[in-house]
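The values are calculated or read from the model by the stated rules, or taken from the named source; none is laboratory data. Because the structure is a prediction, the values reported are computed rather than measured. Cβ coordinates were reconstructed from backbone atoms using ideal geometry, including for glycine residues, and neighbour counts include every protein chain displayed.
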Amino acid sequence: MARVLCKGIEKSYGDVRVVRSLDLEVADGEFLVLVGASGCGKSTTLRMVAGLEAITAGQLLIGDRVVNDVAPRDRDIAMVFQSYALYPHMTVRDNMAFGLTLRGVAKAEIEQRVGVASTMLGLNDLLDRKPAALSGGQRQRVAMGRAVVRQPSVFLFDEPLSNLDAKLRVQMRLEIAKLHKKLGTTILYVTHDQVEAMTLADRIAVMHEGVLQQCAPPQVIYSRPANTYVATFIGSPAMNLFAVQRQGTRLVGSGLAMDLDPGEIELLCGDETELTVGIRPQDWRPAPSGSTPDATLQVDVQEPLGSETFVFGELLGANRDLLAGRDLITQQRADSLVILRLEAGFGGHQGPAIGLHIDRQRLHAFDAKGVRLNKNTSEPTLG
Amino acid sequence: MAGSGHGSSGVAPTGWQAMLPHFLLIPVSVITLYPVLYVIKLALSGTSGATASAWPWPDHPSLDAFAKVALRTDAHGTWLFGRQLLNSLIVSGATTVLGIVLACTAAYAFARFEFPGRRAGLLGFLATQMFPGILTLIPLYVLIQKLGLLDSMLGLILVYSTTAIPFCTWTLKGYFDTLPKEIEESAIIDGATRLQIFVRIILPLSAPAIAVTALFSFMAAWNEFVLAYTFLSQEAAYTLPVQIRNYVGDKDVQWSLFAASSLIAAVPVMALFYAVEKHLVGGLTAGGVKG
Ligand SMILES: Nc1ncnc2c1ncn2[C@@H]1O[C@H](COP(=O)(O)OP(=O)(O)O)[C@@H](O)[C@H]1O
Ligand SMILES: [Mg+2]
C-alpha cells in the first residue's frame with residue numbers, strides 16, 4: 001500500500017491548461033474521491049497518476065518514489081475504466097489473469113488469486129464466459145476483479161458506475177465500499193456524482209476548471225464549503241445564494257431581511273459588508289404566525305414527496321440580478337428558483353406566499369469573490 | 001395510406017403485393033446470371049465447340065474441355081496445368097502473406113503512434129492506390145528486367161506487393177482506429193509491452209478484418225492479368241489468367257477451353273470466400289467496452 005502525492009501537478013494541451021498546479025495527497029489506505037463537473041480535468045488527473053498521460057509540470061509521488069517518468073506497469077497501480085475496457089476475446093478468467101500472466105506469476109498462485117477475487121465479487125459462475133455474454137453490472141465486476149487480483153498498492157477508478165442503471169449503481173457503490181473496507185488499499189476515485197462522492201469518500205476533493213477547490217471529509221465539504229462553487233456543487237437540491245448587505249446586525253437584500261445577534265454576525269461575516277449568503281433548502285422553517293419573517297416566498301410549485309415537501313418560488317422583493325452581477329463561480333445559475341425542503345405537514349400551506357425563518361446556525365457567508373467567511377457553522381445533518 | 005395512422009410496417013403484405021418484388025427481381029437475376037450460365041455452357045460444350053444459340057445449356061454436355069485443360073502437358077511431358085496452378089497459388093499466397101504481415105505492423109504504427117512523416121506516409125500510400133496500375137507498367141518492367149526477375153515468381157510477388165501493401169495498410173488502419181483505446185490502456189496498466197499488446201490484444205481482435213483484407217489481397221493477385229502477361233513469357237512460368245488468355249489466340253480461338261479454365265480458376269477463390277464468410281459479419285469486439 002502507498003500514498004499518492006501530487007506536488008504542483010500541471011497538465012496543458014498546447015495553450016490550454018487542463019489541470020492547474022494541483023496539490024493533493026491521498027493518504028495510505030485512504031479512499032479519496034475526486035469530484036467535479038464534466039470536463040473539469042478529473043480523468044486527466046487520474047490518467048497522469050496512472051501514467052497514461054505525461055505530466056506537464058510538477059512532481060508525482062507514489063509511496064516515496066517520484067514516478068513522473070516511471071512506466072504505468074512499474075507504478076504498482078490498477079485502474080478501472082468507465083467503459084470497463086475488458087479484453088473482448090478473453091474469458092472472464094483470462095481477463096483477470098492477464099496482468100498476472102504478463103508478470104510471470106506462478107500458475108497456481110494466479111489460480112488462487114483469481115479464485116479469491118471471483119468469490120469476493122460473485123463471479124464464480126461466469127469465469128468461462130466472454131465479456132459479450134455478461135450484463136453491464138457483471139462486466140463492471142470483472143473490471144474490478146481484474147484490478148483486485150493484481151494486489152496493487154493503489155486503485156484508480158474513473159467513473160466506474162456511470163454506465164450502470166440507477167439501481168445497479170447503488171448496489172455496486174456498496175460493493176466498492178465493502179471492497180475498500182476489506183482490502184484497505186489506497187483508492188483514488190473519480191466521479192461527477194456527488195452522491196457517490198459523499199457516500200464513498202474518506203475525503204472529497206472538489207475540482208473546477210482544472211483547479212482544486214477544496215479537499216476535506218464529506219461532512220466538512222457539506223457544512224463548511226470553502227467557496228460558492230463547492231457550496232452549490234455539493235448538496236441536492238443545491239444551496240441557494242443571495243446577495244446581501246450588512247447593516248449593523250441586520251442582513252438585507254435579495255428579499256431577505258434578518259436580524260442577528262452581535263456575536264452571530266461577527267462570526268458570520270467579520271467586518272465584510274457586501275456579502276453573499278448561502279442557505280440550504282432544509283434550513284428554512286415556516287415562520288410562526290405573529291412573528292416577523294426573515295423572508296417571504298412567492299410559491300410557484302409544491303412537490304409533496306410524502307416524507308417531505310419541496311417548495312419552489314421567488315422571495316418577495318428579490319432582485320436576483322444583484323447576485324448575477326457579483327460574478328461568483330457557482331455550479332447553479334445564480335438566479336435560479338429558491339428551493340425549500342420542508343416537513344411533509346408543514347402547515348398545509350394553501351396561499352400564494354409563505355413567511356419564512358432561517359436557521360441562523362446554518363447560514364453560509366461568502367465574500368465578494370465567493371470565498372467562505374464564517375467560522376461558526378455547526379456540524380451538519382447530512383441530507 | 002398517406003396520412004392515416006396505420007403504418008403497414010410489421011404486417012406481412014399479401015397477394016399480388018407479395019409477388020411484386022419477385023416480378024422485378026427475377027429479370028434482374030436472369031440478367032446478372034446469364035453470362036455466368038453462358039460460360040458454363042461453353043465449358044460443358046466439349047472440345048468440338050458450342051452452337052451459337054442463346055440458350056445457356058449445351059446440346060451435348062461433356063467434360064472434355066475440363067479434362068483437356070487440366071491434363072495439359074508440354075513437349076517434355078511437364079504437367080503445365082499443375083505447374084501454372086502452383087504458380088498462381090504461390091504468387092497470390094506469398095503476396096497476401098507479405099502484404100498482411102507488413103501491413104499489420106505498418107497500420108498499427110499509423111493508427112497509434114505520432115511520428116515525423118506519418119501523414120506523408122499515409123497520403124503516399126493512398127496516392128499509389130489512386131493511379132491505374134497500368135501507368136506503372138513500363139517503369140516496373142524496366143526495374144524487373146534489370147533485377148533479372150522476368151519470368152520469375154519473386155518478381156511478380158514484389159510487383160503485386162507494391163499495390164497489396166498500401167491497400168492492406170489502409171484497410172487495417174481503418175479497422176485499428178475503431179478499436180477502443182481503453183482496451184490497450186488497460187493492457188498497458190496490466191503490464192503489457194507494445195509488442196505484447198499488438199500480438200495478444202490487437203491481432204486477435206482484428207482477426208475478422210485481417211481475414212477479409214487477406215481475401216481481397218489474394219483475389220487481386222489471383223485474378224491479375226496485365227502485369228503477369230507482361231512479365232511472363234514462358235508457359236511454365238504462367239499464372240492461370242495468362243494461360244486462360246492464351247486459349248483465345250489470334251488464329252485459334254478455343255472458347256470452351258477458355259471457359260473451362262476460367263471456371264477452374266474461380267474455384268479456389270470461391271472456397272476462400274466460403275471459409276472467411278463467417279468473419280465478414282465481424283463483431284469480435286462486442287462486450288469489451290460498455291454494452
Ligand atoms: N488529448 C486532449 N487534447 C486536448 N484537450 C483535452 C485532451 N484530453 C482532454 N482534454 C480537455 O481537458 C479537459 C478535461 O478533460 P477530462 O480530464 O477528461 O475531464 P473530466 O474527466 O473531468 O470530465 C476537457 O476540457 C477536455 O476537453
Ligand atoms: Mg472523465
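Points worth noting:
- Taking the criterion of being of a type in the set (Gly, Ala, Ser) and surrounded by fewer than 16 Cβ atoms within 10 Å (Cβ to Cβ), the residues of segment A:175-201 that qualify are A:Ala177, A:Gly184.
- So B:Ile134, is it β-branched (Val, Ile, Thr) and surrounded by 12 or more Cβ atoms within 10 Å (Cβ to Cβ): no
The rows are residues; the columns are (1) within 13 Å of the chain's Cα centre (by Cα); (2) in contact (Cβ under 8 Å) with a residue 24 or more places away in the chain; (3) within 16 Å of ligand 2 (Cβ to nearest atom); (4) under 22 Å from A:Gly29 (Cβ atoms).
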{"site": "A:Leu179", "(1), (2), (3), (4)": "no, yes, no, yes"}
{"site": "A:Leu183", "(1), (2), (3), (4)": "no, yes, no, yes"}
{"site": "A:Thr186", "(1), (2), (3), (4)": "no, yes, no, yes"}
{"site": "A:Thr191", "(1), (2), (3), (4)": "yes, yes, yes, yes"}
{"site": "A:Ala197", "(1), (2), (3), (4)": "yes, yes, yes, yes"}
{"site": "A:Pro218", "(1), (2), (3), (4)": "yes, yes, no, yes"}
{"site": "A:Tyr222", "(1), (2), (3), (4)": "yes, yes, no, no"}
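- Test: residue in segment A:61-68 that is within 30 Å of A:Ile329 (Cα to Cα) and in contact (Cβ under 8 Å) with a residue 60 or more places away in the chain: no
- Of the criteria (1) out of contact with any Leu (no Cβ under 8 Å at 6 or more places or on another chain); (2) in a helix (DSSP H, G or I); (3) more than 10 Å from every other protein chain (Cβ to nearest Cβ); (4) surrounded by 15 or more Cβ atoms within 10 Å (Cβ to Cβ), which one A:Val114 fails: (1)
- Segment A:61-95 - residue that is among the hydroxyl-bearing types (Ser, Thr, Tyr) and more than 16 Å from ligand 1 (Cβ to nearest atom) and, of those, modelled with the lowest pLDDT: A:Tyr84
- Test: residue in segment A:257-276 that is among the hydroxyl-bearing types (Ser, Thr, Tyr), under 22 Å from A:Arg372 (Cβ atoms) and either within 30 Å of the chain's Cα centre (by Cα) or surrounded by 19 or more Cβ atoms within 10 Å (Cβ to Cβ) (or both): yes
- Residue list for segment A:262-287, filter: of a type in the set (D, E, K, R) and either touching a residue at least 60 places away in the same chain (Cβ under 8 Å) or touching a strand residue (DSSP E or B) at 6+ places or on another chain (Cβ under 7 Å) (or both): A:Glu264, A:Glu272, A:Glu274, A:Arg280, A:Asp283, A:Arg285
- A:Asp76 satisfies every condition listed in (1) of a type in the set (Asp, Glu); (2) within 14 Å of another protein chain (Cβ to nearest Cβ); (3) on the phi < 0 side of the Ramachandran plot except (3).
- Those residues of segment A:277-307 which are crowded, with 17+ Cβ neighbours inside 10 Å, out of contact with any Gly (no Cβ under 9 Å at 6 or more places or on another chain) and among the acidic types (Asp, Glu), in sequence order: A:Asp283
- Of the residues A:Leu61, A:Leu52, A:Leu34, A:Leu46, the single one that is within 16 Å of ligand 2 (Cβ to nearest atom) and away from chain B (no Cβ under 14 Å) is A:Leu34.
- Residue count, segment A:158-192 (criterion: assigned to a loop (DSSP other than H, G, I, E, B), within 14 Å of ligand 1 (Cβ to nearest atom) and within 14 Å of chain B (Cβ to nearest Cβ)): 3
- The residues in segment B:50-68 that are at pLDDT 80 or above, of a type in the set (A, V, I, L, M) and not in a helix (DSSP H, G or I) can be counted, and the count is 1.
- Helices (runs of 4 or more DSSP H) completely within segment B:122-227 that count 3 or more residues being within 14 Å of another protein chain (Cβ to nearest Cβ) and within 21 Å of the chain's Cα centre (by Cα): B:207-223
- Among the numbered conditions (1) crowded, with 16+ Cβ neighbours inside 10 Å; (2) modelled with pLDDT under 90; (3) touching a Phe, Trp or Tyr at 6+ places or on another chain (Cβ under 8 Å), the only one that B:Val248 does not meet is (1).
- Index of the failed condition, A:Pro88 passing every other in (1) within 30 Å of A:Lys130 (Cβ to Cβ); (2) touching a residue at least 60 places away in the same chain (Cβ under 8 Å): (2)
- A:Arg93 being over 17 Å from B:Ile189 (Cα atoms) and surrounded by 14 or more Cβ atoms within 10 Å (Cβ to Cβ): yes
- Residues of segment A:10-60 that turn out to be among the hydroxyl-bearing types (Ser, Thr, Tyr) and near ligand 1 (Cβ under 8 Å from one of its atoms), as a count: 5
- Among the residues of segment A:81-103, those that are out of contact with any strand residue (DSSP E or B) (no Cβ under 8 Å at 6 or more places or on another chain), within 8 Å of another protein chain (Cβ to nearest Cβ) and either among the polar types (S, T, N, Q) or part of a helix (DSSP H, G or I) (or both) comprise A:Ser83, A:Phe98, A:Leu102.
- One residue stands out in segment A:118-138 among those that are within 14 Å of chain B (Cβ to nearest Cβ) and over 20 Å from B:Arg200 (Cβ atoms): the one that is surrounded by the fewest Cβ atoms within 10 Å (Cβ to Cβ), namely A:Ser135.
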